[in-house]
Amino acid sequence: MKKLLLATHNPAKKQELKEGFSSLLDRAGRALPLLFLDDLHITADPEETGKTFLENAKLKAEYFAKLSGLPTVADDGGIEIDALGGEPGIHSKRWLGRDATDQELIEHTLLRLKDIPLEKRTAHFRIVLYYLNPLTQQSFSTSASLDGRIALQVGPNAKKGFPYRSLFIVDAYKKYYDELTEQEHHTVNHRLQAVQKIIEHL
């Protein structure tokens with residue numbers, strides 16, 4: 001493997017994936033070149049018809065690996081809110097349609113939970129990463145999750161591209177996700193945990 005495609009258009013995800021995969025080395029011990037969809041001028045996206053995070057991650061990995069001819073990692077994830085029966089789940093990005101803003105998703109979440117007390121607002125971030133090498137047909141998936149609850153109001157440090165994090169209180173630290181220190185973030189970040197599992201497997 002001489003290059004790895006990290007199949008996302010999301011700037012915030014790109015930064016985390018780049019950080020997570022930065023320790024992946026080629027056979028010569030050099031940092032493996034990491035490419036994103038923008039680098040290959042790929043603007044299309046497959047229709048996410050899967051019923052689980054795994055199905056959607058696999059679907060995207062197969063789509064982009066075929067387009068690029070490169071070993072590809074694709075992800076699918078979201079937040080599951082227990083009081084809403086697991087919503088939005090696989091529809092986290094599309095809960096209000098693909099064009100919904102971060103602010104609209106935040107406001108909708110708070111509205112849906114307006115009569116639910118804090119102790120019953122438990123939620124879980126979940127992610128699945130799927131790796132596919134179209135040349136060897138090697139494939140596998142990894143997953144990770146993070147437990148917490150939805151706050152009564154939005155936190156002070158909202159980060160663009162991650163609307164639900166600005167509402168999420170991490171159980172392990174009793175802090176808003178967006179208030180975590182860099183070290184705390186590295187410790188609990190579910191995307192980085194799933195990335196590390198891929199690196200170990202490769």
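Note on the chain: the alpha carbon radius of gyration divided by the globular reference 2.2 N^0.38 Å gives 1.04.
Note on region 126-166: the alpha carbon radius of gyration divided by the globular reference 2.2 N^0.38 Å gives 1.81.
Panel order for Thr8, Thr109, Thr122, by other beta carbons found within 10 Å of each beta carbon, from fewest to most: Thr122, Thr8, Thr109.
Which shape class applies to region 107-202: rounded if a/c is under 1.5, otherwise prolate when a/b exceeds b/c and oblate if not, where a ≥ b ≥ c are the square roots of the Cα gyration tensor eigenvalues?
prolate
On full extension, the segment bounded by Gln103 and Tyr173 gains 22.7 nm, given 0.36 nm per residue less the C-alpha separation. Across region 16-134 the C-alpha pair distances fall into 10 Å bins from zero in the proportions 12, 34, 31, 17, 6, 1 percent.
Each principal axis of the Cα atoms in region 34-101 has its own extent, and those three values, largest first, are 42, 24, 21 angstrom.
Can you tell me how much longer the chain between Asn10 and Gln196 gets when fully stretched, taken as 0.36 nm per residue apart minus their C-alpha distance, in nm with one decimal?
Values: separation 186, 0.36 × 186 = 66.96 nm, distance 1.99 nm.
Length gained, Asn10 through Gln196: 65.0 nm.
Quote the FRET efficiency, to the nearest 0.05, computed for Ala31 versus Ser145 with a Förster distance R0 of 22 Å and r equal to the Cβ-Cβ distance. Don't skip to the answer; put the middle values down first.
Details: r = 29 Å, r/R0 = 1.30.
Efficiency, rounded to the nearest 0.05: 0.15.
Between Ala61, Ala74, Ala172, the Gaussian network model of the chain with springs among Cα atoms under 10 angstrom shows the greatest mean-square fluctuation at Ala172. Any idea how far the Cα center of region 1-73 sits from the one of region 146-174, in Å? When both Cα centres are located, 26 Å separates them. Put a plus charge on the Cβ of each Lys and Arg, a minus charge on the Cβ of each Asp and Glu, and nothing anywhere else: the dipole of the chain about its Cα centre is then about 360 debye.
Hey, which of these cross-link pairs are over 18 Å Cα-Cα: Lys93/Lys160; Lys66/Lys197; Lys175/Lys197; Lys93/Lys159; Lys58/Lys197? Check vs 18 Å cut-off fails for Lys66/Lys197; Lys175/Lys197. Each residue of region 22-27 was assigned a 3J(HN,Hα) from its phi angle through the Karplus curve 6.51 cos²θ - 1.76 cosθ + 1.60 (θ = phi - 60°); the sequence is 5, 8, 6, 10, 7, 5 Hz, with glycine and proline shown as x. Mean sequence separation of contacting Cα pairs (under 8 Å, at least six apart), scaled by the length of the chain, corresponds to a relative contact order of 20 percent. Computed on region 1-56, with alpha-carbon pairs under 8 angstrom and 6+ residues apart, the relative contact order is 38 percent.
Coordinate-derived values only; no laboratory data. As the structure is a computational prediction, the values presented were derived from the model and not from experiment. We place every Cβ from the backbone using ideal geometry, glycine too, and count neighbours over all the protein chains shown.
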